[in-house]
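First the structure, in the form of structure tokens, and then the observations on it.
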There are 2 protein chains.
Amino acid sequence: MKAKQIVLATRPIGVPKFEDFRFEEVNVGSPQKGEVMLQPLYVSVDPYMRGRMSDSKSYVPPFELGQPIVGGIVSTVVESNSDLFKKGDTVHGLLPWATTCIVSEKEISKTFPGISPSYHLGIVGMPGLTAYFGLTDICRPKEGETVVVSGAAGAVGTVVGQIAKIKGCRVVGIAGTQEKVELLRNSFGYDEVINYKTEDVEEMLDKYCPNGIDCYYDNVGGNITDYVIQRFNRYARMALCGQISLYNSTDIPMGPRILPAILKTSSLIKGFIVRDYMDRFPEAINQLSIWVNEGQLNYKETIVEGFDNIPKAFIGLFKGSNEGKMIVKI
Amino acid sequence: MKAKQIVLATRPIGVPKFEDFRFEEVNVGSPQKGEVMLQPLYVSVDPYMRGRMSDSKSYVPPFELGQPIVGGIVSTVVESNSDLFKKGDTVHGLLPWATTCIVSEKEISKTFPGISPSYHLGIVGMPGLTAYFGLTDICRPKEGETVVVSGAAGAVGTVVGQIAKIKGCRVVGIAGTQEKVELLRNSFGYDEVINYKTEDVEEMLDKYCPNGIDCYYDNVGGNITDYVIQRFNRYARMALCGQISLYNSTDIPMGPRILPAILKTSSLIKGFIVRDYMDRFPEAINQLSIWVNEGQLNYKETIVEGFDNIPKAFIGLFKGSNEGKMIVKI
């Protein structure tokens, strides 16, 4: 059986380009004992995947050149040689960008009933869990505190802001288009949103955070983070979730030193990836599902259609072309 | 009664100079109800005091121009109008640099019996408590882990290294003279010490920390901290205690951005001042006294003599002229 897959052709320099990817036709055999054959329904494209395209040491090993890209995918089981899954099951896992693939039963989990399958790539999947743990475990916002979220319109940021509102905080987002600003204010409960491309971020932070900043959920890094840290209150907590403004850097990024400000305020910075909290996933999925079903969490997807558009959707992440979670529907 | 005091004449630019201080003669009256008259026995000079000489917002307000400098001092009560203290008592507190002064009974505490009075400015005072809480509460070193300490030969660093050894860690110090390097190895139990002025710090960190770095107790900041952070293991913990290499900067110090490395390793950075732990001082003083009395903690003082030498001793901190805690004996 023939399948199409997308492999890493060259390691991107700076922002990824179409030429960094290659479409290949491959033969797919039959599932062996304990294996299943899958066809994708929804493919997730995420900023962290850029990191794996480089050759540097990180928390996950780099993608190999000539091998398919792997990411979050919701698939249908089309053939099963496993006792755990049967034909027609909907599953999710970290899977290759391929129109058909065979994987071990250990690589996948069934989707939860009662919630849309694609939501496993977002609100109750990696981004939702990432938002949940970074905010509730690291920032630990208290009622009445001011929470700032960078990359607020992304898959993680839209959830962070809403959870912070549930916790009774003043929530200020930072995003890059007027459309996103409106969306965050109107649909995701942000009290104030700064457009970092058209507004003076420092001035607006002073305006929107008159009592300083207690919690910072950082997805972007760079100058924006410098400005936020300078406004930290005593005992501020910063969940360090992403640094997308730096991922495409070819030089070592330089900036003002932040440690004096962290020292002066007895603040905390904690880096994390969602996997650090694997033991607590069930707790979080349960809580997030409750909030979604109660209507307390509004969840937004940007859906691009067609397998061939996966690279385009991925590259679009770095151009700010998504609102909320970017999904490719096959 | 006449007394001599040392006031801040001008706010230092860069490293403090003698001209930034002025000696004045003042009249001292008599203690009112609830007050005592004190004469200093031991005066502490500490790097953090540089921060208060500038006019910028910090965790403690800046010293005022024309007012006496205030710091840790052990004094004798020479006259008392307080029910809590009597003539001849030895007390300690944050007190003015003056040959005689009158303060409220609320500003002072009695020294602990059974431990040298000057130790209240060091091992069981601010530096010892600072070492204790930063290491045990933030770094939380586990047996067999690698702990790096910058500013290792200072009042705090010499204690940090020894507690880390008590906890069963591999301990690597960084200091600035060969004399300090020898002292740390021979008297304070450091496994390895890097002379950052004569050695390649990166190369030596690789050599002395073959398993990476789990805990970092930072007193200095700047390049040294950049090198250490690049070698963090997963879940590394950094106690941010001082940034002495940056205190005298007149520009905003720039450097490579550290957050990508913190993110990549799920590491933690926590700034603190010892006051954050005020509730737990008795626990720490008790534990430190036990270790001192058992001979597990070796404590070193550099003693300068004479009231008039206080500014010189203070300025010397920034030239690396102390080994261990710098004290002026009056």
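Does the stretch A:291-302 hold any residues that are touching a strand residue (DSSP E or B) at 6+ places or on another chain (Cβ under 6 Å) and free of Cβ contacts under 8 Å to residues at least 60 places away in the same chain, and which are they? Of everything in the stretch A:291-302, just one residue is touching a strand residue (DSSP E or B) at 6+ places or on another chain (Cβ under 6 Å) and free of Cβ contacts under 8 Å to residues at least 60 places away in the same chain, namely A:T302.
Do we have any residue at all in the stretch A:70-78 that's open to solvent by 50 Å² or more (accessible area, probe 1.4 Å) and either touching a Pro at 6+ places or on another chain (Cβ under 7 Å) or not small (G, A, S) (or both)? Among the residues of the stretch A:70-78, not one is open to solvent by 50 Å² or more (accessible area, probe 1.4 Å) and either touching a Pro at 6+ places or on another chain (Cβ under 7 Å) or not small (G, A, S) (or both), which makes the answer no.
Among the residues in the stretch A:85-106, are any buried (at least 21 other Cβ atoms within 10 Å of the Cβ) and within 14 Å of chain B (Cβ to nearest Cβ)? No: zero hits. A count restricted to the stretch B:280-311 and to residues that are in a helix (DSSP H, G or I) and closer than 30 Å to B:E19 by Cα stands at 5.
Taking the stretch A:53-84 as the range and being under 30 Å from A:S249 (Cβ atoms), away from chain B (no Cβ under 14 Å) and among the polar types (S, T, N, Q) as the test, only A:Q67 passes. Answer with yes or no whether B:Q32 is among the polar types (S, T, N, Q), more than 21 Å from the chain's Cα centre (by Cα) and open to solvent by 40 Å² or more (accessible area, probe 1.4 Å). Answer is yes for this residue. Of the residues making up the stretch A:43-53, those that are of a type outside the set (F, W, Y) and open to solvent by 30 Å² or more (accessible area, probe 1.4 Å) are A:P47, A:G51, A:R52. Tell me which residues, restricted to the stretch B:193-208, are under 15 Å from B:A261 (Cβ atoms) and in contact with a strand residue (DSSP E or B) (Cβ under 9 Å, 6 or more places away or on another chain). The answer is B:L205, and nothing else. Taking the listed residues A:R11, A:R22, A:R50, the one that is outside any loop (DSSP other than H, G, I, E, B) and closer than 26 Å to A:G271 by Cα is A:R50, with no other qualifying. So which pairs qualify, if the first residue must be in the stretch A:158-178 and open to solvent by less than 10 Å² (accessible area, probe 1.4 Å), the second must be among the acidic types (D, E) and modelled with pLDDT under 95, the Cβ gap must be under 8 Å, and the two must be at least 6 apart or on different chains? Close Cβ pairs satisfying both conditions: none exist.
To keep it simple, each residue is scored yes or no on (1) closer than 17 Å to A:A284 by Cα; (2) assigned by TED's automatic domain parsing to the domain that holds A:A313.
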| site | (1), (2) |
| --- | --- |
| A:V74 | no, yes |
| A:V77 | no, yes |
| A:D89 | no, yes |
| A:A98 | no, yes |
| A:V103 | no, yes |
| A:P113 | yes, yes |
| A:C139 | yes, no |
| A:A152 | no, no |
| A:V172 | no, no |
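Taken together, the residues in the stretch B:274-284 that are away from chain A (no Cβ under 14 Å) and of a type outside the set (G, A, S) amount to 5. Residues in the stretch A:54-90 that are free of Cβ contacts under 8 Å to residues at least 40 places away in the same chain and small (G, A, S): A:S56, A:S58, A:G71, A:S75, A:G88. Here B:S321 meets each of (1) among the hydroxyl-bearing types (S, T, Y); (2) assigned to a loop (DSSP other than H, G, I, E, B); (3) not assigned by TED's automatic domain parsing to the domain that holds B:I13 with one exception, condition (3). Within the stretch B:216-234, work out how many residues are facing chain A (nearest Cβ under 10 Å), within 14 Å of A:I258 (Cα to Cα) and surrounded by fewer than 22 Cβ atoms within 10 Å (Cβ to Cβ). Result for the stretch B:216-234: 2. Check whether at least one residue in the stretch B:235-242 is in the same structural domain as B:R185 (by TED's automatic domain parsing) and surrounded by fewer than 20 Cβ atoms within 10 Å (Cβ to Cβ), and report yes or no. Yes, that holds for at least one residue. Since A:M238 meets every condition but one in (1) more than 7 Å from chain B (Cβ to nearest Cβ); (2) part of a helix (DSSP H, G or I), which condition does it not meet? With (1) more than 7 Å from chain B (Cβ to nearest Cβ); (2) part of a helix (DSSP H, G or I) applied to A:M238, the lone miss is (2).
Within the stretch A:112-121, the set of residues being open to solvent by less than 30 Å² (accessible area, probe 1.4 Å) and at pLDDT below 90 comprises A:I115 only. Before we move on, is B:S245 surrounded by fewer than 22 Cβ atoms within 10 Å (Cβ to Cβ), within 12 Å of chain A (Cβ to nearest Cβ) and assigned to a loop (DSSP other than H, G, I, E, B)? No: the conditions fail for B:S245. Selection of strands (runs of 3 or more DSSP E) fully inside the stretch B:84-181 by the criterion of at least 2 residues being within 29 Å of B:Q32 (Cβ to Cβ) returns B:90-96, B:101-104, B:108-110.
Conditions tested, residue by residue: (1) of a type in the set (D, E); (2) more than 10 Å from chain B (Cβ to nearest Cβ); (3) closer than 30 Å to B:S245 by Cβ; (4) open to solvent by 40 Å² or more (accessible area, probe 1.4 Å).
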| residue | (1), (2), (3), (4) |
| --- | --- |
| A:M254 | no, no, yes, yes |
| A:A261 | no, no, yes, no |
| A:F272 | no, no, yes, no |
| A:N286 | no, yes, no, yes |
| A:I290 | no, yes, no, yes |
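Looking at B:Y190, B:Y196, just one residue is over 26 Å from A:V274 (Cα atoms), at pLDDT 95 or above and crowded, with 24+ Cβ neighbours inside 10 Å, and that residue is B:Y190.
The values are calculated or read from the model by the stated rules, or taken from the named source; none is laboratory data. No experiment lies behind these values; they were computed from the predicted model shown. As a convention, Cβ positions derive from the backbone with ideal geometry for all residues, glycine included, and neighbour counts pool all protein chains shown. Protein only, heavy atoms only, side chains kept; ligands, DNA and RNA dropped before computing areas. Shrake-Rupley method; radii C 1.70, N 1.55, O 1.52, S 1.80 Å.
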